[in-house]
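Reviewing the structure listed below.
The values are calculated or read from the model by the stated rules, or taken from the named source; none is laboratory data. Predicted model, so just to flag it, every value in this text is computed and none were measured. Reconstructed Cβ throughout: ideal geometry from the backbone, glycine too, with neighbour counts over all protein chains shown. Each accessible area value is taken on the protein alone, full model and side chains, heavy atoms only, with ligands, DNA and RNA left out. Shrake-Rupley method; radii C 1.70, N 1.55, O 1.52, S 1.80 Å.
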Amino acid sequence: MPSKPLTSLSQAQARRIALAAQGFLDPPHTPPTMRTLSRTLERTGVLQVDSVNVLQRAHYMPLYSRMGPYDVDLVRRASETRPRRMVEYWAHVQAFMPVELWPVMRHRMARYRDGKHKWWGSEVTDDLTDNLLAEITDRGAATARDLDDGLPRSKEHWGWNWSNTRRALDYMFMVGDVAIAGRNSQFEIRYDLPERVIPREHLEAPTPTEHDAVKELVRRAARSHGVGTLRDLADYYRLRSVPGQHQTGAAPIVTELVEEGELLPVTIEGVKRPAYLHRDARIPRRVDARSLLSPFDPVVWERERTDALFDFFYRIEIYTPVEKRVHGYYVLPFLLGDRIVGRVDLKADRRTGLLLVKAAYAEPTAPDDTAEELAAELERLAGWLDLHTVVVEPRGDLAPALSGLVHARVG
């Protein structure tokens with residue numbers, strides 16, 4: 001007799017499905033290899049890029065959380081050398097994505113081209129972009145600083161000081177006229193012609209219809225989430241949940257995938273919105289993870305989902321004034337088993353070789369061994385970052401126990 005179709009999930013089941021889909025059940029490779037990175041990228045779909053480097057660059061951390069300590073040169077090789085496995089684009093936000101998604105993103109590129117003056121202003125002229133393209137064609141991969149011709153700089157946007165050259169390059173990147181060949185040691189983007197970055201088989205691949213492009217992104221989001229609501233599936237690649245101008249919405253695509261049997265409608269305990277389980281999702285009985293999660297990790301980047309599945313209320317406080325911060329500047333959730341059991345505010349002091357725990361907090365349901373497990377994870381992280389000592393500052397209810405454990409281990 002065939003088994004009864006699954007129509008409802010407990011919160012714990014949904015949580016474990018989500019973690020399995022994100023790669024937390026994959027067997028470890030020692031040491032992690034390019035094969036490990038490719039497998040992990042297949043699970044996450046994207047690796048968000050962010051300039052904050054108080055601990056480690058954002059795109060390195062999800063790989064560490066799933067693979068353990070690895071040689072970060074794997075990322076450079078995967079994104080800058082042949083055969084390129086991933087490339088930066090506006091996939092979730094600025095993010096690495098598998099390079100085969102380049103043709104899928106062409107409709108997004110076209111929308112940005114349509115909105116040139118709306119988003120980039122009249123300063124980005126055809127003459128400027130033509131001249132920059134000619135310069136890049138002649139000289140090869142270059143940064144905005146390399147190409148800046150001294151045009152007046154604008155200070156209209158808080159936190160930025162972009163020249164017209166930089167604005168034009170940003171536009172050219174978003175519309176696909178240039179691609180990111182890599183970044184220099186100052187994390188500045190190196191722009192180049194797409195034909196010198198994107199492998200030929202992907203650059204010359206036919207452009208899918210907008211319907212098929214959105215369907216591919218929703219399908220990938222469903223595989224990466226395992227189970228999720230319409231909002232979850234639409235947010236993963238920043239799609240509209242409903243149709244809009246120049247864009248097929250995710251909602252009709254989800255309906256189509258349900259009709260085709262790829263997505264299965266389910267309810268999740270405590271979640272009011274309908275959810276959808278990918279037919280290939282694993283439903284493990286347990287997950288034995290132990291890892292720190294970046295604020296930009298796909299497990300926690302959609303805060304409503306994190307709250308619903310993990311009972312974990314999380315807000316990144318980087319942009320919050322100091323006096324209004326609750327937990328700290330760069331706070332990482334601590335995943336233990338299939339629960340988020342704590343959070344730590346971390347800073348890598350590379351000059352002194354210290355991993356600074358600015359604050360450490362336990363969640364109300366944290367198990368008794370949380371401090372011990374976190375101490376071991378912090379030492380593993382310190383080793384990966386080439387820091388020799390973990391220092392726990394006296395802030396947060398988990399700090400006293402953690403400090404004693406780290407001191408005992410290091411001392």
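At-a-glance table
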item	result
Cβ-placed point charges (K, R +1; D, E -1), dipole of region 279-411 about Cα centre in debye, nearest 20	280
Whether region 28-105 is rounded, prolate or oblate, judged on the alpha carbon gyration tensor where a/c under 1.5 counts as rounded	oblate
Difference of contour (0.36 nm per residue) and Cα-Cα distance, S38 to T209	58.9 nm
Extreme residue, positive dipole direction of the chain, given options T33, F96, H202 (C-beta unit charges)	T33
With every protein chain in place, the chain: carbon and sulfur % of accessible area (1.4 Å)	50
Accessible area expressed per residue, the chain, with surrounding protein chains retained (probe 1.4 Å, Å²)	47
Residue-averaged [θ]222 nm for the chain, counting only DSSP H segments that reach four residues, each worth -39500 (n - 2.57)	-10500 deg cm²/dmol
Percent breakdown of C-alpha pair distances by 20 Å bin, ordered from the shortest bin, for the chain	25, 55, 20, 0
By average C-beta atoms within 10 angstrom, highest first, the peptides 10-21, 114-125	10-21, 114-125
Label point distance in nm, E188-T81, each placed 7 Å from Cα along Cα→Cβ	2.4
Length-normalised contact order for region 1-64 - Cα pairs under 8 Å, 6+ apart - percent	20
FRET efficiency for D397 and D26, using Cβ-Cβ distance with R0 set to 22 Å, rounded to 0.05	0.10
Additional length obtainable on full extension of the chain from F313 to N131, 0.36 nm per residue less Cα span	60.7 nm
Dipole magnitude of region 5-94, debye to nearest 20 (Cβ charges: Lys/Arg +1, Asp/Glu -1, about Cα centre)	200
GNM top mover of S65, S163, S224 - the chain, alpha-carbon springs below 10 Å	S163
Mean Cα-pair separation over length for region 24-143, i.e. relative contact order, pairs under 8 Å, 6 or more apart, %	21
Simple label model, 7 Å out from Cα along Cβ direction - V72 to R145, nm	1.8
Net dipole in debye of the chain [+1 Lys, Arg Cβ; -1 Asp, Glu Cβ; about Cα centre; nearest 20]	480
Net length gained if the chain between R200 and K116 were fully extended (0.36 nm per residue, minus Cα distance)	27.5 nm
